[in-house]
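Here is the structure we will look at, set down as structure tokens.
The values are calculated or read from the model by the stated rules, or taken from the named source; none is laboratory data. Here the structure is a predicted model, which is why all the values come from computation and not from measurement. Reconstructed Cβ throughout: ideal geometry from the backbone, glycine too, with neighbour counts over all protein chains shown. Please note that ligands, DNA and RNA were not included when accessible areas were found on the heavy atoms of the full protein model with its side chains. Shrake-Rupley method; radii C 1.70, N 1.55, O 1.52, S 1.80 Å.
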Amino acid sequence: MSGAELGRRLRERDLSAAPAALNLVEARRPGGPEEVAALLREVSPGALGGDAPAHVVGITGPPGVGKSSLLSELVAAWRCAGRTVAVLAVDPTSRRSGGALLGDRARIAVDPADRGVFIRSTAAGDTLGGLAASTRAAAQALAAAFDVVVIETVGVGQSETDVADAADTVAVVVQPGSGDVLQFLKAGIMEIPDVLVVTKADLGNIAESAVRDLRSALTALDAREVEVVAVSSIPPPRGIDELVAALDGHRAATDVAARRLHARRRHALADFAAEHGERGLRALGGRREAERLLDSLDPRLDVPSLRAALEENAAR
Amino acid sequence: MSEHRLPERDRPWLMRTYAGHSTARASNELYRRNLAKGQTGLSVAFDLPTQTGYDCDHELARGEVGKVGVAISHKGDMHALLDGIPLDEMNTSMTINATAPWLLALYVAVAEENGIDGSKLSGTTQNDILKEYLSRGTYAFPPGPSMRLIADVVAYTVEHVPRWNPINVCSYHLQEAGATPVQEIAYAMANAMAVLDAVRERVDESLMPTVFGRISFFVNAGVRFVEEHAKLRAMSLLWDELGRERYDVEDPKLRRFRYGVQVNSLGLTEAQPENNVQRIVLEALAVTLGRSARARAIQLPAWNEALGLPRPWDQQWSLRIQQVLAFETDLLEYPDVFEGSKVMDGLVEELVTGAREEMTRVAERGGAVEAVGYMKSELVSSHRERVRRIEDGDLTVVGINRFTETEPSPLTADAEGGILVVDPDVEAEQIAALERWRAERDEDAVRAALDELRRVARSESENIMPASIAAAHAGVTTGEWAQALRDAFGDYRAPTGVGEAVAGATSEELESLREEVDRVSDALGRRLKVLVGKPGLDGHSNGAEQIAVRGRDVGMEVVYEGIRLTPSQIAASALQEGVHVIGLSILSGSHRELIPSVIAQLREAGVDAPVVIGGIIPEADAAALREAGVAAVYTPKDFDLNRIMRDIVGLVAQHHGLAAAA
């Protein structure tokens with residue numbers, strides 16, 4: 001099926017187009033980029049008549065912190081509220097062999113008969129510590145069809161920036177007793193997330209003091225608006241409704257259209273620079289000039305179209 | 001009196017056969033026949049639904065009812081299972097873990113209804129959850145609540161069933177999962193400490209020496225039988241030390257290392273299966289030869305375990321091995337034959353040192369419960385190394401990688417291939433019987449018993465046993481008991497260990513495979529992606545894990561789904577993940593029911609990727625499975641994983657009309 005056709009189906013909220021759309025987005029065959037561009041064009045703000053309706057949520061945190069259990073609960077809560085959910089589980093490891101073990105899916109409990117949930121495991125591949133370009137494209141494609149799109153990544157301190165560019169709301173997940181995040185935050189190594197989640201709230205005092213420490217660090221950083229939510233995935237689950245509300249609250253308070261536009265422009269420039277290097281940027285008159293050019297283009301354009309415009313200008 | 005002879009011959013160990021299949025009534029007949037043949041204790045094998053806490057009409061139970069053991073759904077089944085067996089004289093070992101409190105409750109309830117008090121009962125519940133996470137896969141609840149249930153069984157039996165062994169700390173399954181002797185010792189000791197520390201929270205401190213004395217072990221013995229014997233002496237030494245130093249146990253009798261054994265199944269081969277008999281004999285020597293570290297109870301596997309389920313005759317052969325060893329040889333006439341042996345002392349010293357170091361690493365991670373992920377990935381790595389050594393010929397396995405020329409075996413010449421085939425009607429019969437049971441019992445009493453069970457489960461401080469025994473009397477079923485606890489504790493999936501397993505040493509063959517995977521991936525347009533998982537309730541995941549790790553190492557994207565999958569889960573994953581090929585593993589004998597159902601669901605979902613399966617699949621079934629649409633069937637004789645990988649890549653290439661490898 002062509003990229004344009006898949007894009008149209010996603011735009012019409014046909015969830016069954018998701019697997020084939022993802023196969024296409026991940027493809028690296030000749031002619032692949034054109035097909036992906038055709039797909040993304042069909043789900044661009046221009047084609048949709050506005051921004052994609054989904055809430056794109058980035059969930060990131062160190063390994064073993066309980067992200068998968070948390071996701072199981074979150075997905076259940078969103079489904080209960082009648083919202084469809086797509087999860088992109090990104091495996092961060094990169095190996096010379098190109099091989100990857102994608103084990104997260106097994107840890108997210110969902111009803112296999114539920115057509116309103118879609119989970120896809122992807123390997124970060126050769127992108128350093130962040131999101132593969134295909135993951136960004138996948139999120140954009142799925143955002144046209146699903147109510148919630150989750151990008152799950154592993155790590156603290158490196159990958160949030162990437163996720164922040166692809167998501168409307170970024171939640172960083174930490175467990176009580178791990179001081180790293182607190183240190184990273186205070187030292188400014190880590191960007192301030194939109195929501196902080198403390199897992200294992202069943203641990204009681206330790207979890208409460210972790211929440212207190214994070215809150216006071218955020219206050220010191222003048223980021224009082226960032227919500228800190230304590231959750232527990234052990235029955236009876238706790239804090240899940242509060243977390244859903246915090247995520248929704250952040251989205252409501254954010255100019256999503258501006259955030260996504262900004263991200264699309266950054267992605268287009270990054271893709272262009274990756275392909276054409278410094279010489280390509282020079283042909284555009286430098287990075288600053290390239291950014292100015294992007295700002296002047298139609299805000300409803302998708303990433304491949306923006307990139308194509310850059311290339312056209314560079315060739316002039 | 002001479003120093004090299006005992007004044008009188010030792011009494012032999014308890015002789016058992018791990019047995020049970022189909023229904024309680026059929027298993028009862030088998031037990032009576034086994035006892036008549038000179039077996040001295042019972043060892044009950046339960047089917048997977050009973051072990052994982054599902055009723056036989058649950059979706060996950062499909063194809064598994066009565067397969068690898070007997071189905072026990074309620075106290076009526078337990079009555080039938082034990083019919084005519086004098087419970088106050090019998091010593092019954094039950095291989096039951098996640099649902100151990102429940103099966104013990106049924107046993108106690110049935111004894112009570114036969115007028116026998118708990119204080120008269122003797123036997124063992126395996127009741128060890130950590131090795132279920134690490135190797136065997138029949139867990140049900142998360143680690144915290146599971147450790148609490150173990151502690152509850154210990155605390156209850158110490159007081160009310162004092163002759164019972166409430167837990168067999170298992171190193172057996174660690175070796176099956178690839179553990180080296182050092183890892184086997186260290187992880188078993190760390191596990192025992194975790195149990196003792198959990199019990200300490202739930203009993204009076206004054207009872208701790210008694211508790212320590214009730215902890216027994218269930219070990220493995222491989223074919224390197226001299227070193228294996230040294231391993232048992234090393235364990236005795238460490239256990240005694242642990243009792244003295246960590247738990248202040250003064251009475252040396254209570255510090256004695258007591259263990260039962262099932263010898264190695266991992267090393268048993270499908271090719272030339274008659275060779276397994278000599279392997280089993282040598283392994284039996286490992287656990288009997290030296291008097292100071294001799295097993296208390298022994299059960300031997302059957303020669304044909306790598307082929308399928310053993311028949312009563314196959315099991316009789318293994319019982320006779322024990323009887324020849326105990327009654328014909330002079331083994332039991334001497335004191336410890338290794339006393340003063342430099343070789344033995346040296347081996348023991350080596351193992352103790354290694355085990356101490358590994359125990360420290362586990363302790364640094366916060367103890368065995370916290371270190372499950374670490375231990376699991378260490379085991380996956382060890383097993384990977386073992387597989388590599390067999391592939392490369394560094395480790396000789398007769399009939400597998402050396403001396404493979406063979407005459408046809410008359411032992412497997414019969415129509416069924418020399419194994420037991422469970423009547424497929426058993427499942428329907430058991431379901432019908434369960435429905436009758438539910439219809440005839442007092443529903444109000446059942447509801448009240450389950451409410452009480454849930455309350456106790458949530459209370460954290462109360463012992464689960466009294467409420468479980470009351471539920472058994474009320475007619476509660478296995479699935480209902482477990483569901484009440486799942487309601488309170490939640491479900492759980494153990495770490496798979498595959499993500500952390502380090503890549504193996506590279507080789508020419510591996511490089512060439514990577515090139516082929518790259519070539520096919522380029523032609524496909526994206527990286528070759530494979531789904532690996534285990535349908536049904538079988539938790540023996542070693543094979544699936546090794547396939548997953550090797551797939552990654554040759555450059556595939558592997559979606560590893562782990563154990564306990566329903567056909568609809570597999571179909572949904574295959575569709576959503578966009579995989580090019582699907583690899584499924586089953587060892588429980590339920591492939592005849594499950595595989596066709598998986599294929600039907602895949603096709604219904606619109607997934608046309610080829611399906612390959614691996615496991616204990618009799619040749620007669622392999623043909624039928626190929627007919628049902630399976631592209632390839634692999635059994636234990638296919639030890640060369642690189643060859644399997646090459647097949648899989650070729651299969652994908654062929655499926656997509658790509659040229660074969662250059």
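Quick one: which of B:443-454, B:45-56, A:273-284, A:99-110 comes out on top by average Cβ neighbours within 10 Å, and what's the full order, highest first?
Going by the mean number of other Cβ atoms within 10 Å, highest first, we get B:45-56, A:99-110, B:443-454, A:273-284.
Residue B:88 to residue B:240: FRET efficiency via 1/(1 + (r/R0)^6), r the Cβ-Cβ distance, R0 25 Å, to the nearest 0.05?
About 0.20, to the nearest 0.05.
May I ask for the Rg/Rh ratio of the stretch B:277-419, computed from Cα atoms with Rh as the Kirkwood radius, given to two decimals?
Here Rg/Rh amounts to 1.03.
About the Cα centre, and with charges only on the beta carbon of Lys, Arg (+1) and Asp, Glu (-1), how big is the dipole of the stretch A:1-49? Nearest 20 debye, please.
It comes to approximately 40 debye.
May I ask for the Kirkwood hydrodynamic radius of the protein assembly as shown, worked out over all distinct Cα pairs and given in angstroms to one decimal?
Result for the protein assembly as shown stands at 30.2 Å.
When the dipole is taken about the Cα centre of the stretch A:52-254, and only Lys, Arg (+1) and Asp, Glu (-1) are charged at their Cβ, what size is it in debye, to the nearest 20?
440
Hey, which lysines would be in cross-link range of residue B:637, C-alpha to C-alpha under 24 Å, not counting anything within fewer than 8 residues on its own chain?
Cα-Cα hits under 24 Å: B:67, B:534.
Quick one: grab the alpha carbon gyration tensor of the stretch A:1-131, order the square roots of its eigenvalues as a ≥ b ≥ c, and give me rounded if a/c is under 1.5, else prolate or oblate depending on whether a/b is larger than b/c.
Because a/c hits 1.5 or more and a/b fails to exceed b/c, the stretch A:1-131 counts as oblate.
Go through B:513, B:284, B:308 and say which Cα lies farthest out towards the positive end of the charge dipole of chain B; charges sit on Cβ, +1 for Lys and Arg, -1 for Asp and Glu.
The residue sitting farthest along the positive end of the dipole is B:284.
Determine the dipole magnitude for the protein assembly as shown: charges of +1 sit on the beta-carbon of Lys and Arg, -1 on that of Asp and Glu, nothing else is charged, the reference point is the Cα centre, and the result goes in debye to the nearest 20.
1100
Calculate what fraction, in whole %, of the accessible area of the stretch B:1-56 sits on carbon and sulfur atoms when a 1.4 Å probe is rolled over the protein chains.
Percent of accessible area from carbon and sulfur atoms in the stretch B:1-56: 49.
Using the alpha carbons of the stretch B:579-640, what is the convex hull volume per residue in cubic angstrom, as a whole number?
78
Looking at the square roots a ≥ b ≥ c of the eigenvalues of the Cα gyration tensor of the stretch B:526-662, which shape do they give, rounded for a/c under 1.5, prolate if a/b is larger than b/c, or oblate?
It comes out rounded by the Cα gyration axes.
How big is chain B on each of its three principal axes, counting only the C-alpha atoms and giving the largest first in Å?
76, 67, 52
Using the Cβ atoms and a cut-off under 9 Å, what net charge is assigned to the surroundings of residue B:504, where Lys and Arg are +1 and Asp and Glu are -1?
Charge balance in the 9 Å sphere: +1.
Give the carbon-plus-sulfur fraction of the accessible surface of the stretch B:508-655 in %, rounded to a whole number; probe 1.4 Å, heavy atoms of protein chains only.
With neighbouring chains kept in place, the figure for the stretch B:508-655 is 51 percent.
Just add up the charged neighbours of residue A:311: K/R +1, D/E -1, any other residue whose Cβ is under 12 Å from the Cβ of residue A:311.
Here the count lands on -1.
In a shell of Cβ-Cβ distance under 11 Å around residue A:291, excluding residue A:291 itself, what net charge do Lys and Arg (+1) and Asp and Glu (-1) give?
+3
Before we go on, tell me the buried accessible area for the A/B pair, both chains summed, 1.4 Å probe, in Å² to the nearest 100.
Approximately 2500 Å², summed over both chains.
If Rh is defined by the Kirkwood formula over all Cα pairs and Rg also comes from Cα, what ratio Rg/Rh do you get for the stretch A:52-254?
0.94
Can you list which of the DSSP-assigned H helices in chain B have a Cα extent of 27 Å or more along the long axis and an average Kyte-Doolittle score of at least -0.5?
B:181-200, B:225-245, B:342-364
Looking at the square roots a ≥ b ≥ c of the eigenvalues of the Cα gyration tensor of the stretch B:14-404, which shape do they give, rounded for a/c under 1.5, prolate if a/b is larger than b/c, or oblate?
Judged from the Cα gyration tensor, the stretch B:14-404 comes out rounded (a/c under 1.5).
Where only protein heavy atoms count, and the probe is 1.4 Å, what is the accessible area per residue for chain B in Å²?
I get 37 Å² per residue for this part.
With the calculation restricted to Cα positions, what are the radius of gyration and Dmax of the stretch A:258-315 in angstrom?
Cα radius of gyration and Dmax of the stretch A:258-315 are 10.1, 29 Å respectively.
Which of the lysines could be linked to residue B:342 by a straight reach, that is with a Cα gap under 16 Å, when you skip same-chain ones fewer than 8 residues away?
B:231
What is the mean number of Cβ atoms from other protein chains located within 10 Å of the Cβ atom of each residue in peptide B:561-567, rounded to a whole number?
Taking all residues of B:561-567 together, the mean is 2.
Could you work out how far apart the two model spin labels at residue B:405 and residue A:80 are, taking each label as a point 7 Å from the Cα in the direction of the beta carbon, and quote it in nm?
7.0
Please report the relative contact order for the stretch B:508-655, taking Cα pairs under 8 Å with a sequence separation of at least 6, and give it as a percent rounded to a whole number.
For the stretch B:508-655, the relative contact order is 25 percent.
For the stretch A:1-49, just the Cα set please: Rg and Dmax, both in angstrom.
According to the Cα coordinates of the stretch A:1-49, Rg and Dmax are 10.0, 31 Å.
In what sequence, highest mean first, do B:367-377, A:234-244, B:559-569 appear when ranked by Cβ atoms within 10 angstrom?
Ranking, from highest mean packing down: B:559-569, B:367-377, A:234-244.
Sort all Cα-Cα distances of the stretch B:465-597 into consecutive 10 angstrom bins from zero, then give the percent of pairs in each bin up to the one containing the longest distance.
Result, from short to long distances: 11, 31, 29, 17, 8, 4, 1 percent.
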